[in-house]
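Just below is one structure, and these are the notes that go with it.
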Amino acid sequence: MSISKEHLRGQADGIAKARAFIHNFDTGAEGCGPLDFSYLIESDELDWERVVTSFKEDFRIFDELLFKIHFKRKTEFSSSHDERILIFLAIGYFYSNDVRYFNEFLFFYDDPASFEKYMLLLQDVFFSNLDHGSHHTFPLCERKEVVSHLRNFENKLSLVRNEEVDSSQRVALFGSPTFFKRIRADLIEKGFDVRCYFIPFHPDKIVNFVLTNRLLFKIFCMYKKVKFKFNRLNFAYDDPEIGKILEKENLDIGFHKFGFIIKNNVISSLKNGLINDHWALLPFVRGRSTIEYSLLLGFPVAATTHLVEESVDSGGLVGVYNYDEEAKKCATINEVRQVVRWELTQRAVDSIEILSRTKAPLYENRNDKGLMFYSIHPFLEKFIEDNILTHP
């Protein structure tokens with residue numbers, strides 16, 4: 001199975017029936033407001049007509065429910081519960097043209113015989129949302145607004161880079177010291193006072209085992225030829241004691257490479273902020289699989305550095321880095337990812353220099369301008385590589 005127009009040939013009647021099925025819910029009823037996941041799959045009072053009205057009024061009213069649905073991808077449900085989820089996602093995509101709903105649909109679509117009509121309809125909706133370059137529409141704005149934002153940001157940065165760097169700022173690098181060898185060396189060469197802090201935690205059990213085992217981690221550091229001192233903070237990642245220790249360090253700017261959601265015990269310890277490196281153009285594309293969604297939406301492939309807040313990808317914008325020309329030469333998503341990964345050291349150092357000049361973010365990271373994306377389905381990945389990326 002894949003996403004292809006071939007699947008739609010000879011299926012006009014089936015698609016028309018599925019479209020009529022969804023259209024029948026469009027009665028102009030009063031909207032229902034936000035829904036809880038358990039209510040969606042279990043309530044006898046669920047009214048699809050009211051769901052449709054809410055989608056038409058403001059599809060983002062269901063963002064929290066979509067977030068909960070994506071966490072249920074591997075949960076086994078009854079056929080009736082599965083169908084409720086699929087109907088909700090089908091309605092969502094049909095009335096919002098938000099590809100996130102199609103993406104989640106693909107993860108739940110595991111019984112073609114029962115639910116094929118929904119799949120045919122949503123593939124038809126998918127292809128109707130594509131432009132001549134096979135790029136999908138974005139429901140919040142047109143592509144030209146995204147490009148304009150990038151250009152304005154780049155112009156503003158060019159002015160800031162003419163200002164003198166304030167290397168008196170004390171910089172903290174948070175994460176495994178093995179990651180920060182070049183970044184630390186470059187910052188010290190530029191005159192910054194640099195400290196490295198390691199919190200031994202990772203949500204992946206295997207990685208966490210290596211990080212928390214002192215002997216294994218010491219061997220790992222020796223293998224990576226880490227010879228500089230770093231501060232090991234042996235507390236739970238959300239322990240307030242970490243904040244008390246860091247507050248005494250008089251830190252100005254931070255840059256992190258943690259594998260977990262950072263809490264306020266770290267965030268509040270930096271006078272000018274903690275920088276995160278995000279692999280997409282903010283504020284438009286947040287969350288995961290951001291390179292894939294940037295390609296699918298036809299947005300410039302870019303990385304944005306921003307200040308960390310406890311909510312994901314929400315802090316003010318510090319710097320932007322455009323890799324769109326390089327990405328156009330790539331044949332696979334992994335090649336595009338490598339292009340962005342290769343420049344991470346340069347982005348880290350440059351962003352710290354920018355924040356040392358400005359002491360504050362350059363741009364507001366407006367939540368209303370972007371969407372939170374979740375890991376992309378393999379069918380969509382294949383579609384991107386087959387239809388959007390360059391091939392020899």
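The values are calculated or read from the model by the stated rules, or taken from the named source; none is laboratory data. Remember, it's a predicted structure, so these values are computed and weren't measured experimentally. Cβ sites come from the backbone with ideal geometry, for glycine too, and all protein chains shown count toward neighbours.
Out of curiosity, is LYS359 touching a strand residue (DSSP E or B) at 6+ places or on another chain (Cβ under 8 Å) and of a type in the set (D, E, K, R)? Can you show your working first?
Values: touching a strand residue (DSSP E or B) at 6+ places or on another chain (Cβ under 8 Å): yes; of a type in the set (D, E, K, R): yes.
Taking the combined requirement at face value, the residue satisfies it.
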Exercise. Does LEU282 count as of a type in the set (A, V, I, L, M), modelled with pLDDT of 95 or more and within 17 Å of the chain's Cα centre (by Cα)?
Worked result: yes
For this session: Determine whether the range 336-350 contains at least one residue that is surrounded by fewer than 14 Cβ atoms within 10 Å (Cβ to Cβ), touching a helix residue (DSSP H, G or I) at 6+ places or on another chain (Cβ under 8 Å) and not basic (Lys, Arg).
Result: no
Exercise. If you take the residues in the range 37-51 that are among the hydrophobic types (A, V, I, L, M, F, W, C) and within 16 Å of PHE94 (Cβ to Cβ), which one is nearest to the chain's Cα centre (by Cα)?
Worked result: VAL51
For this session: Can you confirm whether the range 61-69 contains a residue that is farther than 16 Å from GLU83 by Cα, touching a strand residue (DSSP E or B) at 6+ places or on another chain (Cβ under 8 Å) and in contact (Cβ under 8 Å) with a residue 24 or more places away in the chain?
Result: yes
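On the basis of being without any contact (Cβ under 8 Å) to a residue 60 or more places away in the chain and either more than 14 Å from the chain's Cα centre (by Cα) or farther than 27 Å from ASN97 by Cα (or both), does SER314 make the cut? Show your work before the answer.
Numbers: without any contact (Cβ under 8 Å) to a residue 60 or more places away in the chain: yes; either more than 14 Å from the chain's Cα centre (by Cα) or farther than 27 Å from ASN97 by Cα (or both): no.
Criteria not met by SER314.
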For this session: Return yes or no: is ARG357 touching a residue at least 12 places away in the same chain (Cβ under 8 Å), in contact with a helix residue (DSSP H, G or I) (Cβ under 8 Å, 6 or more places away or on another chain) and farther than 27 Å from LYS68 by Cα?
Result: yes
Exercise. Any residue in the range 295-314 that is surrounded by fewer than 23 Cβ atoms within 10 Å (Cβ to Cβ), part of a strand (DSSP E or B) and not aliphatic (A, V, I, L, M)?
Worked result: no
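Conditions tested, residue by residue: (1) in contact with a helix residue (DSSP H, G or I) (Cβ under 7 Å, 6 or more places away or on another chain); (2) in the same structural domain as ARG288 (by TED's automatic domain parsing); (3) within 23 Å of PHE107 (Cβ to Cβ).
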{"site": "ALA12", "(1), (2), (3)": "no, no, no"}
{"site": "PHE21", "(1), (2), (3)": "no, no, yes"}
{"site": "GLU30", "(1), (2), (3)": "yes, no, no"}
{"site": "ASP44", "(1), (2), (3)": "no, no, no"}
{"site": "LYS68", "(1), (2), (3)": "yes, no, yes"}
{"site": "GLU76", "(1), (2), (3)": "no, no, yes"}
{"site": "SER80", "(1), (2), (3)": "no, no, yes"}
Exercise. What's the number of the condition SER148 fails, among (1) in contact (Cβ under 8 Å) with a residue 40 or more places away in the chain; (2) in the same structural domain as HIS377 (by TED's automatic domain parsing)?
Worked result: (1)
Exercise. Only one of (1) under 26 Å from PHE192 (Cα atoms); (2) assigned to a loop (DSSP other than H, G, I, E, B); (3) among the small types (Gly, Ala, Ser) fails for ALA280. Which number is that?
Worked result: (1)
Seminar exercise, completed: Turns out the helices (runs of 4 or more DSSP H) fully within the range 66-136 with at least 1 residues that are modelled with pLDDT of 95 or more, buried (at least 18 other Cβ atoms within 10 Å of the Cβ) and of a type in the set (Gly, Ala, Ser) are 79-96
For this session: Being among the small types (Gly, Ala, Ser), more than 30 Å from the chain's Cα centre (by Cα) and within 26 Å of ASP58 (Cα to Cα) is the filter; apply it to the range 5-36 and report the residue that is surrounded by the fewest Cβ atoms within 10 Å (Cβ to Cβ).
Result: GLY28
